[in-house]
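Asker: One structure, pasted below without further comment.
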Amino acid sequence: MAGNRLHKIGSVFSRTRNLLRIGVVEKPLWFDVYAAFPPRREPVYKVTRPRYGKVQDVIRPIFYPEDEVRARFYKVYGSGPRPFDLSQSNYKSTCQRFVEKYNELKQEGKIEEEKLFEETGKALLAAGILLPRRGMDKVAPQDHQDAETRDSGLHLHLQTVLEEMQEKKDQEGQTPEPAEKQKENPLS
């Protein structure tokens, strides 16, 4: 009977009676009582159909005030680098900490509503919680002129290092000749 739609045909009593006739099930305790005192109206599965068009229950969407903050948090910061650790009962996600700090700062009333989101991020950063923005590079953007001056300075530094290495190599190139001769004639 499990996994089929026979529960829609007949009542529980009629289906059980038929299964008893075939010998598939044992007689349940309630069967004799039901046979002796049947209900006035047999309970049969019926699809209820509305009389006048579709009847819809008005179910209001459930939104809490912090849902807007959470949505904005995930839009700006994403879900983070690590998955949630639900094995610990006292685990608080970064988003939950953000929402709590947001509500705390909002109750203080010192910060304007427009700046509250950014100030909450700064407060968490001061507390040691990093909030990397979503979709941004890990490297801070640089001005083009700044990059050129750094590159030219780096290039000069690399040139001097390479020149020093070349000089050391030239000096070492003159002294290893006797060592090479020893390798050719190890007995001499």
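The values are calculated or read from the model by the stated rules, or taken from the named source; none is laboratory data. Since this is a predicted model, take the numbers as computed values, not measurements. We place every Cβ from the backbone using ideal geometry, glycine too, and count neighbours over all the protein chains shown. These accessible areas exclude ligands, DNA and RNA; they are computed on the full protein's heavy atoms, side chains included. Shrake-Rupley method; radii C 1.70, N 1.55, O 1.52, S 1.80 Å.
Asker: I'd like the Karplus ³J(HN,Hα) series for region 56-64: coefficients 6.51, -1.76, 1.60, θ = phi - 60°, whole numbers in Hz, and an x wherever there's a Gly or Pro.
Answerer: The phi angles translate into 10, 6, 7, 10, 6, x, 9, 10, 9 Hz.
Asker: For D57 and Q96, FRET efficiency with R0 = 30 Å and r from the beta-carbon atoms, rounded to 0.05? Present the calculation step by step, with values, prior to reporting the outcome.
Answerer: Details: r = 32 Å, r/R0 = 1.06.
It comes out at approximately 0.40.
Asker: A follow-up question, please. Which net charge results for the neighbourhood of T94, defined as the other residues with beta-carbon distances under 12 angstrom from its beta-carbon, given Lys and Arg at +1 and Asp and Glu at -1?
Answerer: Working: positive: R70, R82, K92, R97, K101; negative: D85, E100.
Cβ neighbours under 12 Å give a net charge of +3.
Asker: Starting at 0 and stepping by 5 Å, how many percent of the alpha carbon pairs of region 6-99 end up in each bin?
Answerer: For region 6-99, the pair-distance distribution reads 2, 9, 11, 10, 8, 5, 4, 5, 8, 11, 11, 10, 5, 0.
Asker: Ignoring ligands, DNA and RNA, what percent of the 1.4 Å accessible area of region 1-130 is carbon and sulfur?
Answerer: 54 percent
Asker: Which order do you get for D57, D67 if you rank them by accessible area with a 1.4 Å probe, largest at the top? If you can, show how the numbers build up before the last one.
Answerer: Details: D57 130, D67 50 Å².
So, going from the largest accessible area down, we get D57, D67.
Asker: What is the sum of charges, Lys and Arg at +1 and Asp and Glu at -1, for the other residues whose Cβ falls under 12 Å from the Cβ of K115? List each step's numbers first, then the result.
Answerer: Working: positive: K106, K110, K122; negative: E112, E113, E114, E118, E119.
Charge balance near K115 sits at -2.
Asker: Same structure again: Give me the extension gain from R82 to R41: residue separation times 0.36 nm, minus the current Cα-Cα distance, reported in nm with one decimal. It would help to have the intermediate numbers written out before the result.
Answerer: Details: separation 41, 0.36 × 41 = 14.76 nm, distance 5.88 nm.
The span from R82 to R41 would gain 8.9 nm if fully extended.
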